[in-house]
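Here the structure is laid out as structure tokens; the discussion comes afterwards.
The values are calculated or read from the model by the stated rules, or taken from the named source; none is laboratory data. What you see is a predicted model, and the numbers here were worked out from it, not measured in a lab. With ideal geometry, Cβ positions are generated from the backbone for all residues, glycine too; neighbour counts draw on all protein chains shown. Only protein heavy atoms, including side chains, enter the accessible area calculation; ligands, DNA and RNA are left aside. Shrake-Rupley method; radii C 1.70, N 1.55, O 1.52, S 1.80 Å.
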Amino acid sequence: MTTNESFMQRNYFLLRRLHSLTGVMPIGVFLLFHLTTNASIVWGMLDSREGATALERGVRTFQAEVDFIHSTPFLLLVEVFGLWLPIAFHSLLGVYYARTGRPNTGAYPYQANWRYTLQRTSGYIGILFIFYHVATLRWGWTWMVPGGVEWKHNFAASTMAQILRGGDEWTAAGAAVSAAYFVCVSMLVFHFANGLWTSAITWGLTISARAQKQWGYVCAGVGAALMLAGWASVLGFATIDPVKAREIELRHAAGKGGAAEVLPAPKP
Amino acid sequence: MNNGTPTASKPRSAARSITVRIKRCDGPGKPARFESFKVPVEPGANIISVLQWIAAHPTTDGGQRTTPPVWDSGCLEEVCGACTMVINGKVRQSCSALIDDLAPAEGDTITLEPMTKFPVMRDLMVDRSRLFHNLRRVKAWVPIDGTYNQGSGPRESPEKQEVRYTLSTCMSCGCCLEACPQFTPEPDPAAWNTSFIGAHAISQARLFNLHDTGKELATQRLDALSGPGGVSDCGNAQNCVKVCPKKIPLTESIAAMGRAVTLHGVKRFFGVKD
Amino acid sequence: MADKRVIVVGGGLAGLAATVRITESGLPVDLFSVVPVKRSHSVCAQGGINACNEVARQQGYSEYEHFDETIYGGDFLADQPPVFEMTHFAPKIIDLLDRMGVPFNRTPEGFRDLRLFGGSLYKRTHFAGATTGQQLLYALDEQVRRREDEGRVTKYEHWEFLRPIIEGQGDQARCVGIVAQDLRTMQIRAFRAEAVVMATGGCGLVFGKSTNSIVCTGAAAARCYRHGVWYANGEFIQVHPTAIPGADKCRLMSESARGEGGRVWVPRRQSDTRHPNDIPAGERWYFLEEKYPKYGNLVPRDIATREIFKVCMDGMGVGGGNQVYLDLTHLPASTLHKLDGILEIYSKFVGDDPHKVPMKIFPAVHYSMGGLWTRHVPKADHRGLEPGNPGQMMTNIGGLYAFGEVNFAYHGANRLGANALLSCIFDGLFCGQSVANFVRDNAPTGATPQALLDAAVADESARQDRLIRGPEGGGSDPNDNAYLIAREMGEEMTAASTVVKTAARLQQALTKIAALKARYARLRLDDTAMWTNQSLAFARATGDMLLLAESILLTGLARKESRGSHYREDFPDRNDADFLRTSVSKFDAAGGTHQLSYQEVDTALVKPRVRNYGKVESTAKSAAPARQPALT
């Protein structure tokens, strides 16, 4: 314990700054890409060049995005070192730092103070959510998913829709998962946008009250756009019909040279 | 003898009475209790004049004779920083807390509590030694050779003077610390050097780093602000700047010191001297 | 020198400057203060600090001129060599403060800016906004914190000075330490020292509501007086012309408001009820400008106060009350910006915006020109003091010094604005050297028997016990309460012994003080806790204030002339033949009586002349019936 403490003390500044840095890069940047990619289920529908129906355009666009990601060489290595470790680092230190504060919005209900408190709350919730999200979708811990659906990267939209519904049809547990996704994604987007704002103060990029305010508008803009993307993703996946989406994905796979053998067995 | 007491032009309520609830505590570690007093107030009265009245008439509204409450005060014109307390849940200077604003109607209640971030000595009086200790952590002084005559100091533009003057009006009242969610009670003086230093000290570090001679100690100040309890511990709740009675741009100071420790850290990482 | 120490009591400008200088000479200092030193009353000084500088010099001003103004402003009652030294030393003090980082206001090119102040026709006042005292105090506080960090200063904050410990008698008397009390644990103990510097400020609270801080009781000075230290010129109390009366205190509106162009006026028509902004210039009576065309609103404080007082007494005050306008509304924003510190005080406490409406002000007790008697050692030609001579600002007790407002040395019968900060720092720096040299030249106090120290502690403990327990049957009357006694004392002292005094009124006040002393003797404290007992500290101070009040009344009664701030309606003229003398009170502890004597004033350099600041008799006299106003 003492060695841990002295390590923390010795490298205090470095760790603090790495915590701030990892929040923006790579985690924040990843969130940016992740949500815009996911939102392709909606913005793909707006792309008139592909497919016949809106659903088809959405599902195909999203599948293409996922395929592109999965074509990355050494994907696991990139994930582990570029994402999971930074997230674990940011989370662990975040909890450690957050525990040093005593929120007091009751006595001082100022907007910035609410954001301070929410930053910590959203951090805690975000950690639980990210763990659930990665465990269920990446590591295949399907026992945590209502309906036991496993996400497949080559049936990206349809399996996601199943997970958010609890199967091909809506279930109460599925609705709860959808709601949780909606709330948690919103929290994470807030966490990122507000973190982007505070990091500029931490690093001393915005000094004057005016600069802080204006950077605040920028961060609020980024946050709003990301929030839209996040909501679009969740609502997009939750509202598409998994069965129809699966058909589109099958055609998409066939068009690319076929991956039909990984088609999940229809649920009884 | 007192004919024609000056009155202010602002219309004010006539003499009336209010209830003042005071959180009392006989000493460190002793249990706290509330006592209420019914106090007649004149127009223009403030918390201090009310406390002075209670001290002279220490009988609770239940008719119980009690000890005069203990509180800290000094100049009574909001320049010495002594009379900080928590009034109706918010920290502020009690001298500038006017009864007509806080309890405008007959019978209104005002609640007085000591600050929560410092050890209570008795009643409303706390021990703010840690606040002053933190000024030592950032070496908040100009390292002059001595007081013998050596000619004048450095010339300075009015713009820079304006910035330094504003920072230099910090009266160490502790409002910024009381309102800060990151500044938490620390009864053990041995831990003061690694617990959060607070907005006031960060701002003082900026003040002295701005001065031509003061910046001779900039490296040491930035070392202190880089370490545990330094500027990185700020959580940007920005309550400090909201409650500062002197309107000191504390959050700007925090950002400015954030930049300074960033550069300092980078230079140190590459072995470059400041 | 290792085990030699100096005690400084009081952490305002004088005490801190002394601490810095004494530690610089290698001696460790124990610094005692009832408040954290950063909260000392010097923080309240607003306007600035006087010193001749190059710009003023090239306009015909000089250090000598500053000296002459100070002497003239003080109505020739100040000994001239100390004032000469102080005014000639002043530019060095400004330079030093500048080096310490005081954010003095600057000219566009970056030089220190100057403002006009009372009693001078030249701009020679250096300033930092309208909180100059705060800025100077902080600069010195920082230097002391640095020395504390280096282990050269030990601070005893929240410790109260109870008495000096004096060994020997008469010429052989020497101060060997102090008795002090920890205001938290209530522990009383003795501290040994080779020399003790009293830098405990003024006694505004003797007058109840004043511009002073809550700690300015004068009790420390009274405790010295009780133990044989002489008190000089106590009757000279400065009443500042411009303050805002309040429920708890009177808040100062700096002279700098007038220095920057503020004008004092009342409506010419007595019953004019119009809003001040609706009263045209021709119907306003700028009585100071009219009566004193040369100095205008910047006549010295005693004169401005008496004029304002008189206007109100004649029923010409605003709304018929005790208030006149201090008008800044005509000044440009850039000028007002320099006064932000005080304008904020006005708007916070009164609720009106002084940028838009004239402020309503009235005089209030502000400063004590008198104080502990101190000696000085002039140069052979009387042009200044002998630097480093151990006698500078030493009281009649060897090794016991008095610096700053607590001594009587520099301001005669009336202090000029912006000279107080100067005298405090001058004492600390210039006379601080004397303390160091005294310690160097005298035997250490190690030989002092411990029994002497123990006896002093036992004596103070016994006094305290008497105060807590009270006499037989004491405390049965709720009016026998220190807070009420102090309030009545303040009201009586303000009414009887401030702007206008008469023998009859002073006598009446003496009777009242005697009655209050009798009530004080019956005190029994509600709070008997031996932990952070504020009422005990206040009750003890009340006894000391009563002693000081009595002495102030007696010397005022004996001074049958008018000079500076001391205006006797029954003796309206200055009487140099009989009273160009320092009044010196000595307390006879055995009989409990005050013994008054007089000392010649050293007027070697400037001969006393008529002091009227070019007054012309006003023609706009009101026919209103006279009435008796009172400070509030």
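Give the number of residues within the range C:579-605 that are out of contact with any strand residue (DSSP E or B) (no Cβ under 9 Å at 6 or more places or on another chain) and surrounded by fewer than 17 Cβ atoms within 10 Å (Cβ to Cβ). Quick ask: steps written out before the conclusion?
So the first thing to find is which residues in the range C:579-605 are out of contact with any strand residue (DSSP E or B) (no Cβ under 9 Å at 6 or more places or on another chain), and the list is C:589-592, C:603, C:605.
If we keep only those that are surrounded by fewer than 17 Cβ atoms within 10 Å (Cβ to Cβ) too, we end up with C:589-592.
Residues in the range C:579-605 being out of contact with any strand residue (DSSP E or B) (no Cβ under 9 Å at 6 or more places or on another chain) and surrounded by fewer than 17 Cβ atoms within 10 Å (Cβ to Cβ): 4 in total.
Taking C:Gly228 as the residue in question, decide whether it is open to solvent by 10 Å² or more (accessible area, probe 1.4 Å), more than 29 Å from C:Asp573 (Cα to Cα) and not in a loop (DSSP other than H, G, I, E, B).
Working: open to solvent by 10 Å² or more (accessible area, probe 1.4 Å): yes; more than 29 Å from C:Asp573 (Cα to Cα): yes; not in a loop (DSSP other than H, G, I, E, B): no.
Here the answer is no, as C:Gly228 does not meet what is asked.
Can you tell me which residues in the range A:3-12 are assigned to a helix (DSSP H, G or I) and within 14 Å of chain B (Cβ to nearest Cβ)? Write out each step before concluding.
Residues of the range A:3-12 assigned to a helix (DSSP H, G or I): A:3-10, A:12.
Result: A:Asn4, A:Glu5, A:Ser6, A:Phe7, A:Met8, A:Gln9, A:Arg10, A:Tyr12.
Quick one: would you say C:Thr211 is within 14 Å of another protein chain (Cβ to nearest Cβ), part of a strand (DSSP E or B) and surrounded by 24 or more Cβ atoms within 10 Å (Cβ to Cβ)? Lay out the reasoning, then the answer.
On the way: within 14 Å of another protein chain (Cβ to nearest Cβ): yes; part of a strand (DSSP E or B): no; surrounded by 24 or more Cβ atoms within 10 Å (Cβ to Cβ): yes.
No; evaluated as a whole, the condition is false for this residue.
On the stretch given as the range B:94-116, residues that are within 15 Å of the chain's Cα centre (by Cα) and at the interface with another protein chain (Cβ under 8 Å from one of its Cβ atoms) total 2. Does at least one position in the range C:306-319 carry a residue that is open to solvent by 40 Å² or more (accessible area, probe 1.4 Å) and under 26 Å from C:Leu416 (Cα atoms)? Within the range C:306-319, one or more residues are open to solvent by 40 Å² or more (accessible area, probe 1.4 Å) and under 26 Å from C:Leu416 (Cα atoms). Exactly one residue out of A:Ala211, A:Ala253, A:Ala259, A:Ala225 is more than 17 Å from A:Gly126 (Cα to Cα), more than 22 Å from the chain's Cα centre (by Cα) and at pLDDT 95 or above, and it is A:Ala211. Scan the range C:507-555 for residues that are assigned to a loop (DSSP other than H, G, I, E, B) and within 20 Å of B:His57 (Cα to Cα) and jot them down. Answer for the range C:507-555, where residues must be assigned to a loop (DSSP other than H, G, I, E, B) and within 20 Å of B:His57 (Cα to Cα): C:Arg522, C:Leu523, C:Arg524, C:Leu525, C:Asp526, C:Asp527, C:Thr528, C:Ala529, C:Thr532, C:Asn533.
None of C:Pro103, C:Pro91 is out of contact with any strand residue (DSSP E or B) (no Cβ under 8 Å at 6 or more places or on another chain), surrounded by 23 or more Cβ atoms within 10 Å (Cβ to Cβ), in contact (Cβ under 8 Å) with a residue 12 or more places away in the chain and facing chain B (nearest Cβ under 10 Å) except C:Pro103.
Would you point out which residue out of C:Gly384, C:Gly370 is closer than 22 Å to C:Arg563 by Cα, at pLDDT 95 or above, open to solvent by less than 10 Å² (accessible area, probe 1.4 Å) and not β-branched (Val, Ile, Thr)?
Testing whether each residue is closer than 22 Å to C:Arg563 by Cα, at pLDDT 95 or above, open to solvent by less than 10 Å² (accessible area, probe 1.4 Å) and not β-branched (Val, Ile, Thr) leaves just C:Gly370.
The set of residues from the range A:100-117 being more than 7 Å from chain B (Cβ to nearest Cβ) and more than 28 Å from the chain's Cα centre (by Cα) comprises A:Gly106, A:Pro109.
Of all residues in the range B:54-77, those being touching a helix residue (DSSP H, G or I) at 6+ places or on another chain (Cβ under 9 Å) and open to solvent by 50 Å² or more (accessible area, probe 1.4 Å) number 1.
Scanning the range C:60-72 finds no residues that are in contact (Cβ under 8 Å) with a residue 24 or more places away in the chain, in contact with a helix residue (DSSP H, G or I) (Cβ under 6 Å, 6 or more places away or on another chain), within 11 Å of chain B (Cβ to nearest Cβ) and among the aromatic types (Phe, Trp, Tyr).
Does the range B:147-167 contain at least one residue that is under 30 Å from B:Lys215 (Cα atoms) and within 14 Å of the chain's Cα centre (by Cα)?
Step one: of the range B:147-167, the residues under 30 Å from B:Lys215 (Cα atoms) are B:147-167.
This time we only want the ones that are within 14 Å of the chain's Cα centre (by Cα), so: B:167.
The answer is yes; a qualifying residue exists.
For the subset of the range C:272-318 comprising residues that are more than 14 Å from every other protein chain (Cβ to nearest Cβ) and of a type in the set (S, T, N, Q), which member is farthest from the chain's Cα centre (by Cα)? By that ranking, first place goes to C:Asn297. Could you check, for the range B:70-83, whether at least one of its residues is more than 12 Å from chain C (Cβ to nearest Cβ) and in contact (Cβ under 8 Å) with a residue 60 or more places away in the chain? The answer is no, given that none of the residues of the range B:70-83 is more than 12 Å from chain C (Cβ to nearest Cβ) and in contact (Cβ under 8 Å) with a residue 60 or more places away in the chain.
Is there a residue in the range B:223-236 that is more than 9 Å from every other protein chain (Cβ to nearest Cβ) and farther than 26 Å from A:Gly123 by Cα? For the range B:223-236, residues more than 9 Å from every other protein chain (Cβ to nearest Cβ) and farther than 26 Å from A:Gly123 by Cα: present. Each residue in the range B:226-256 was checked for being open to solvent by 10 Å² or more (accessible area, probe 1.4 Å) and part of a loop (DSSP other than H, G, I, E, B), and 11 pass. For B:Gln150, work out the one condition from (1) open to solvent by less than 50 Å² (accessible area, probe 1.4 Å); (2) part of a loop (DSSP other than H, G, I, E, B); (3) farther than 17 Å from B:Glu35 by Cα it doesn't fulfil. B:Gln150 satisfies all of (1) open to solvent by less than 50 Å² (accessible area, probe 1.4 Å); (2) part of a loop (DSSP other than H, G, I, E, B); (3) farther than 17 Å from B:Glu35 by Cα except (1). The set of residues in the range C:355-387 that are under 24 Å from C:Ala45 (Cβ atoms) and small (Gly, Ala, Ser) comprises C:Ala364, C:Ser368, C:Gly370, C:Gly371. Within the range C:136-148, residues that are in the same structural domain as C:Cys424 (by TED's automatic domain parsing) sit with their Cβ atoms under 8 Å from residues that are of a type in the set (Lys, Arg), at 6+ positions apart or across chains, in these pairs: C:Leu137/C:Lys38; C:Tyr138/C:Lys38; C:Asp141/C:Lys38; C:Val144/C:Lys155; C:Arg145/B:Arg136; C:Arg146/B:Lys139; C:Glu148/B:Arg136; C:Glu148/C:Lys155.
Kindly provide the set of residues from the range B:84-93 that are crowded, with 24+ Cβ neighbours inside 10 Å and either more than 10 Å from chain C (Cβ to nearest Cβ) or over 12 Å from the mean Cα position of the chain (by Cα) (or both), ordered by number. Steps first, please.
Taking the range B:84-93 as the starting set, the residues that turn out to be crowded, with 24+ Cβ neighbours inside 10 Å are B:84-85, B:91, B:93.
Scanning the range B:84-93 gives B:Thr84, B:Met85, B:Val91.
Checking C:Ile485 against (1) within 25 Å of the chain's Cα centre (by Cα); (2) among the β-branched types (Val, Ile, Thr); (3) open to solvent by 20 Å² or more (accessible area, probe 1.4 Å); (4) within 12 Å of chain B (Cβ to nearest Cβ), which test does it fail? Status for C:Ile485: all satisfied but (3). Remark: pairs (first residue in the range B:195-207, assigned by TED's automatic domain parsing to the domain that holds B:Ser168; second residue among the charged types (D, E, K, R) and part of a loop (DSSP other than H, G, I, E, B); Cβ separation under 7 Å; 6+ apart in sequence or on different chains) = B:Ser195/B:Glu186.
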